[in-house]
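None of the figures in this text is laboratory data; all of them are computed from the coordinates on show. Keep in mind that what you see is a predicted model, and the values were worked out from it rather than measured. Here Cβ is always computed from backbone atoms with ideal geometry, including for glycine, and neighbour counts include all displayed protein chains.
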Amino acid sequence: MATEILDNAAEDPGRRATLVLGGHTFTTITDKVCRVVEDRTPRAWWIAFGVSLGLTGLFFSMLGYLVVTGIGVWGLNIPAGWAFDITNFVFWVGIGHAGTLISAILFLFRQKWRTAINRFAEGMTIFAVICALVFPTIHTGRPWFDYWLVPIPNQMKMWPQFRSPLLWDVFAVSTYFVVSALFWFVGMIPDLATLRDRATGKWRRMIYGLLALGWRGSGRQWHHYERVYLLLAGLATPLVLSVHSVVSFDFAVSQLPGWHTTIFPPYFVAGAIFGGFAMVMTLLIPIRAVLKLHDIVTARHLENMAKIVLATGMMVGYAYAMEFFMAWYSGNPYERFAFVNRALGPYAWAYWTMISCNVIAPQLFWFEKARRNPLTLWVVAVLVNVGMWFERFVIIVTSLTRDFLPSSWAMFVPTWVDLLTLAGSFGLFLTLFLLFVRFLPSFAMAEVKSVMPEAGLEHGSHRGHGQYWGEIPHQHDHQFEGEKP
Amino acid sequence: MKLPWKLPLVPELPEPGSLWGLLAEFDDVDAVLAAAQKVRDAGFERWDVHAPIPIHGLDEAMGIRPTWIPVGVLVGGVAGAAAGLGLQWATNALDYPFLISGKPFFGLPVAIPVTFELTILLAALGAVGGLFVACGWPQLHHPLLANEHFARASADRYFISVEAADSHFDPTRTTWLLENAGARRVEEVRA
């Protein structure tokens, strides 16, 4: 066995960094990832599942209470017609964006380190979008009228109003959910086949066999599959940029000071990726420690994620500053007031929480020591999650509670139902997540294998992608890393 | 057992116990690639390479023609764009025109977001639908899946399967070809 590399985070421009440590082979990688699904359910999983299932129960009780009683159980009232509901919606839908960034955009950019985290992040996307979809569905308190949003012929002989960004949102978020789910499932097919082939029980083999659809890893299947994966990545990339842009149109297209800004689409997209990466880190760091996956999710992976959090955090910080500049530069007194009120008004505490968490905390990642310490990474990631929730709260609530006419001003104070609904949505998210980690391949085995030396990309006669024509020697002239002699 | 009807999800069930083909096992990527070229050059049509990873260069080594799936994606995308524009025009300008905030009944700029989303949605469905059609999914069973060694094709081994239905197939000569191409084991697969 070749000398084992312990630190793969060091930069050496002349060499491709090793992405899988620990001298793993295809055999050991398969075993490591599959055993998460195949071994006896650990006690820690049951405890975590019990807690999150309890929170999910709380979530649906709160939604039931809302539907039975009416929207008055929430703290919102005119002028603040939106508060926790839409804040939670934008927060959750934003979380999802990092998953698509990792799975699609980093794929197009040939960022091979994504293979270790993409399945995980895509799963996170699906569950975050499910949580997000709950809020617009129930935010009127009358979910039985939700079919008004869908262009179906109905007894009112009316059609939805397509000139409103709120309807664009319906199309954007539901398309996002469908395409992300397809991308996630298609990506999982080869790994589901691995689980099918390793299954011992009859039921297990049948269920994974059904899900694997008949995958045999054949050259012809891989040929179609790879093209579809590339096409889906190409489609998901503009989609993810459009989804949060459309979400930002809900605000930017209105006339309200603090909302009516052209910077919103790019600012929202950067913020979504920022918050989503923070959520990936929040979940991945503990799971990596519990499942002992340090060889697959290496220090280099965490460091790369920290760098993206730093970069997107700076973009968000720039957007915060630019909003203030534009408010001043526009000369519009309402716009100026809206921003001074954000920083110094009654919700200043929320604004400064947002600034501390989103702009100041990630600055730690300038330091290599901070990027290499899982605990620091996790703490900053949690702070960024908090900050990104407050960002949406600040945008929505400060703008609504202090609009044009001082006589209509009012404060928004959340009720216990608001707070428990928010807490409960995390329960739904975590429940789905725990089920995913337990029953589905949460790390993309086939993709991780394809970036390992055993995949035969960086040895022999130095062939690269697509350079296999002519005579191919099938005798090895030398051994390579991780291969048994 | 011969079923009196044809199952929808199991295409062309072969006669149980009949010879389906040969399965050759290889140690690594290089060996299977070199062997694939030999099988291709021997003129076989109904054969395949099985690997746990997509092998770069396999398409050339096997002589696979480019997939038609991108055409399905294009068709889906164009249909989505047409549906998006048509839907918004038909509902808001034709069937139920009403004035709101002085906006025109139908305008291209406001129609873009929904049109864009439907374009992506139908193109993605076209891609995945195309994959299902191209691969014949969902497929509930296949003779290879009953082979005990084949289970490692999704983990850490490489295989070449040659179907008995191929016109060039001859049990002895094809076994010899595969063994000569560097297979560590060649075995018969029965349906």
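Using the count of nearby Cβ atoms within 10 Å as a rough guide to exposure, how do A:Asp39, A:Asp197, B:Asp59, B:Asp95 rank from fewest to most? Intermediate values should be presented prior to the final figure.
Details: A:Asp39 8, A:Asp197 24, B:Asp59 20, B:Asp95 12.
Exposure proxy ranking, most exposed first: A:Asp39, B:Asp95, B:Asp59, A:Asp197.
By other beta-carbon atoms within 10 Å, ranking A:Ser399, A:Ser164 with the fewest at the front produces A:Ser164, A:Ser399. Multiplying the residue separation of A:Met206 and A:Ala9 by 0.36 nm and removing their Cα-Cα distance gives an extension gain of 66.8 nm. Think of it as helices only: each DSSP H run of n ≥ 4 in chain A is worth -39500 (n - 2.57), and spread over all residues that comes to -20500 deg cm²/dmol at 222 nm. Rounded to 0.05, the FRET efficiency of the A:Ala181 and A:Phe60 pair, given R0 = 22 Å and the Cβ-Cβ distance, is 0.50. Using a cutoff of 8 angstrom between alpha carbon atoms and counting only pairs six or more residues apart, the relative contact order for chain A works out to 30 percent.
Per DSSP H run of at least 4 residues, take -39500 (n - 2.57); add these up for chain B, divide by its residues and hand me the 222 nm value, nearest 500 deg cm²/dmol.
After summing the helix terms and dividing by residue count, I get -13500 deg cm²/dmol.
For the protein assembly as shown, the tally of Lys pairs with Cα-Cα distances below 14 Å comes to 4, considering only residues 8 or more apart or on different chains. Against the main long axis of the alpha-carbon atoms of chain A, helix A:84-100 sits at an angle near 20°.
Relative to the longest principal axis of the Cα atoms of chain A, helix A:219-252 runs at roughly 20 degrees. Peptide A:147-156 is shielded by partner chain Cβ atoms: per residue, an average of 1 of them sit within 10 Å of its Cβ. Relative contact order for chain B: 48 percent, from Cα pairs under 8 Å spaced at least 6 residues apart, divided by residue count.
For an R0 of 45 angstrom, estimate the FRET efficiency from the Cβ-Cβ distance between A:Gln161 and A:Lys307 and round to the nearest 0.05. Display every interim value, and only then the final one.
Values: r = 43 Å, r/R0 = 0.96.
For A:Gln161 and A:Lys307, the calculated efficiency is 0.55.
Each of A:Pro453, A:Ser254, A:Phe439 was scored by the projection of its Cα onto the charge dipole of chain A, and the greatest displacement toward the positive side belongs to A:Phe439; charges sit on the C-beta of Lys, Arg, Asp and Glu. In this structure, the amide hydrogen of A:Ala80, modeled 1.01 Å from its nitrogen in the peptide plane, lies closer than 5 angstrom to no residue at least 5 positions away or on a different chain. What angle do you read, to the nearest 10 degrees and between 0 and 90, between the alpha-carbon axis of helix B:108-135 and the longest principal axis of chain B? The angle comes out near 20 degrees. For chain B, a simple Cβ point-charge model (Lys and Arg +1, Asp and Glu -1, everything else neutral) yields a dipole of about 560 debye relative to the Cα centre.
Mean per-residue shielding of peptide A:232-245 is 3, counting Cβ atoms of other chains within 10 Å of each Cβ.
If contacts are Cα pairs under 8 angstrom and at least 6 residues apart, what is the relative contact order of the stretch B:69-135 in percent? The partial results should precede the final answer.
On the way: 72 pairs, mean separation 38.5, N = 67.
RCO, the stretch B:69-135: 58 percent.
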